[in-house]
1. What accessible surface, in Å², does a 1.4 Å probe find on S142, ignoring ligands, DNA and RNA and rounding to the nearest 10?
2. Looking at F106, N121, I27, which one has the Cα that reaches farthest to the positive end of the dipole of the chain (charges on Cβ: Lys, Arg +1; Asp, Glu -1)?
3. With a 1.4 Å probe and every protein chain kept in, tell me what percent of the accessible surface of region 6-194 is carbon plus sulfur.
4. Could you pull the accessible area for E29 with a 1.4 Å probe, rounded to 10 Å²?
5. Let's see if you can work this out: charge +1 on each Lys and Arg Cβ, -1 on each Asp and Glu Cβ, no other charges. What is the dipole magnitude of the chain about its Cα centre, in debye to the nearest 20?
6. If I take every Cα pair under 8 Å that is 6 or more residues apart in the chain, average their sequence separation and divide by the length, what percent do I get for the relative contact order?
7. H6's amide H: which non-local residues (gap 5+, or another chain) put their own amide H closer than 5 Å, with H modeled 1.01 Å from N in plane and none for Pro or chain starts?
8. Based on the alpha-carbon gyration tensor of region 16-88 and its eigenvalue square roots a ≥ b ≥ c, which shape applies: rounded if a/c is under 1.5, prolate if not and a/b is larger than b/c, or oblate?
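The values are calculated or read from the model by the stated rules, or taken from the named source; none is laboratory data. Note that the structure is predicted; figures quoted are calculated from it, not measured. Cβ coordinates were reconstructed from backbone atoms using ideal geometry, including for glycine residues, and neighbour counts include every protein chain displayed. In case anyone asks, the SASA skips ligands and DNA or RNA and just uses the protein heavy atoms, side chains included. Shrake-Rupley method; radii C 1.70, N 1.55, O 1.52, S 1.80 Å.
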Amino acid sequence: MPTVPHILIVVASTRTVRFADYPLAWILERSALRTDFMFEVLDLRDHPLPFYDLPTAPALSPRQYGSDEERELGTIFDRADGFLIITSEHNHGYPAGLKNVLDHFFAEFNHKPVSFLGYGNVGGSRAIEQLRQVVAELDMVSVRPTVHVFGMQMMEIRANPEARREAFARLEPRLDILFADLHWWSAALKAARSAG
Ligand SMILES: Cc1cc2nc3c(=O)[nH]c(=O)nc-3n(C[C@H](O)[C@H](O)[C@H](O)COP(=O)(O)O)c2cc1C
């Protein structure tokens, strides 16, 4: 078992061609510089789940999986001490595929922190605020600092590698603040969970 917090980076967009790959590449670049976390990526595109159809709510039947795919995802969520969700915004909400995945699990998320990077016209802010309500019901702590990639920055990032580097460089201080808070919460809650 790693002694540093194990953070799961969750990519919410399941589209074949997607903007999500730019922030994911940047987060991976930045996270490779850190020794105070262990990171793992969960790309929801690689883990399709059918719409929720279990006989009882996950909150009432912890880890009672209905399929191998669900069990695999449950195992991945279980080993995480915290989460960083990379989310797009659709009609002022977050992607439906992400909601479906969240609804399939409960105990795997309890007493763990979750942070967000959003992108969109207003930096995915509305999607992130909706997610805060949902993760509270999963008994998670949503950390305060967020990273937002706004519409104009998305254009720079798509334009060329140089503009992309500059756009992400401007976001580095914000990501550092997010990581600092995520570290505090993930270490504190990991210790608290271990203590029972
Ligand atoms: C049906 C639909 C609704 C959208 N609604 C929003 C929105 O409310 N806010 C926003 O910022 N972008 C919105 N967009 C733009 C998406 O955020 C944009 O396509 C983004 O690139 C999607 O992320 P992805 O490329 O990683 O899949 C919408 C796009 C579609 C197709």
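1. Probe radius 1.4 Å; accessible area of S142 about 40 Å².
2. The residue sitting most towards the positive pole is N121.
3. Of the solvent-accessible surface of region 6-194, carbon and sulfur hold 55 percent.
4. Ignoring ligands and nucleic acids, E29 comes out at about 120 Å².
5. 380 debye
6. RCO, the chain: 22 percent.
7. Long-range HN contacts for H6: M38, D81, G82.
8. Cα axes put region 16-88 in the oblate bin.
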